[in-house]
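Report on the following structure.
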Amino acid sequence: MATAAQNRRGIIAMLTAMSLFCCNDALMKLAREAFPTGQAVTLRTGFAIVAGLVMVAMMGDWRKLPSGLRPLVLGRGAVEALCAVTFIWALGLLPLANITAILMASPLLIVVLAVLLRIETVGWRRTIALAVGFVGVLIVMRPSADGFSLAALIALASAFLVAIRDLMTRMIGDDVPSTVISLTTTVIVGSLSLSLGTLETWQSPWRIELLYLGLAALLVTAGGFCIISAFRNTDVGVVAGYRYSVVLVAVLIGWLVWSETPDRIAFAGIALIVGSGLYTLHRQRVRPDSQLKPEGDKPL
């Protein structure tokens, strides 16, 4: 069981991470107006690796860098790389608030994955909550007569990858520093995006969007460190609920930068996603037999 001080640290880390990630998303969306996906992620990664090395140095974690080569850490990095590429591709085509809301389905998908892996059993309450949440996702994705847009489907795939990433994060030992996990992930993300970039026609980087990518790298590096810290040695059921603060930030940024405002139908879908997610987290806290117990003291 986490202490009150540990939970406060986790909440602050989560709120900070969500704000940093959302600002990063806005900068990446602006950069995507000039660069293809692979180039945008690769250029950002170049800056992010430098920032990650600085953080490792500041935290004195040089001697623990080899722990980043553990299979679980590398696996998490590979999943994060796929998540980054799919998300940023869809980001260039969808409103910021909409794609952020779709990504917020990841806590629901964590429960689904746990059920499929026979880690968790769910009762009728969480089953209904999950169904309501996915109805919200469908509302936000807004299928046309021809079906779902490819961008919306890719965004949903990214949410699925986020769920896998978060489950894997909880399984990494405390002896692996968050800075090392973050740096390892950054390098793997860069490798995948560079491979993707070989299939693209790159644009000249000497434009204002390069500055956006540099700032985005700083934000995503700091955010990655914060999100890892938020889920370690904390009551995740308390901390994870604050993940939904990113929706408010996304709506605000979308309105300020692109004059994007979700309509009433989209807001209804967002409300269903957030409400079902918060209720699902609550049920995991109160059920004594839950293997997704938020304290983090039960191995998955």
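The values are calculated or read from the model by the stated rules, or taken from the named source; none is laboratory data. This is a predicted model, so every value here is computed, not measured. Quick reminder, even Gly has a Cβ in these numbers, built from the backbone with ideal geometry, and neighbours come from all protein chains shown.
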Practice item. Could you tell me whether any residue of the stretch 256-263 is assigned to a helix (DSSP H, G or I), buried (at least 20 other Cβ atoms within 10 Å of the Cβ) and either touching a residue at least 24 places away in the same chain (Cβ under 8 Å) or not charged (D, E, K, R) (or both)? Key: no
Exercise for review: For residue 151, indicate whether it is buried (at least 23 other Cβ atoms within 10 Å of the Cβ) and within 24 Å of residue 32 (Cβ to Cβ).
Suggested key: no
Review point. Given the residues 161, 199, which is the only one that is surrounded by fewer than 18 Cβ atoms within 10 Å (Cβ to Cβ) and in contact (Cβ under 8 Å) with a residue 60 or more places away in the chain?
Key: 199
Practice item. Could you list, in sequence order, all residues of the stretch 59-79 that are without any contact (Cβ under 8 Å) to a residue 24 or more places away in the chain and assigned to a helix (DSSP H, G or I)? Key: 62, 63, 66, 71
Review point. Do we find a residue being over 19 Å from residue 243 (Cα atoms) and either touching a Lys or Arg at 6+ places or on another chain (Cβ under 8 Å) or of a type in the set (D, E, K, R) (or both) anywhere in the stretch 40-60?
Key: yes
Check your understanding: Does the stretch 138-175 hold any residues that are touching a Gly at 6+ places or on another chain (Cβ under 7 Å) and within 30 Å of residue 232 (Cα to Cα), and which are they?
Key -> 168, 170
**Study point:** Wholly enclosed helices (runs of 4 or more DSSP H) of the stretch 83-149 bearing at least 1 residues free of Cβ contacts under 8 Å to residues at least 40 places away in the same chain, farther than 20 Å from residue 244 by Cβ and polar (S, T, N, Q)
**Key:** 124-141
Review point. Looking only at the stretch 247-295, which residues are within 19 Å of the chain's Cα centre (by Cα) and modelled with pLDDT under 70?
Key: 292, 294
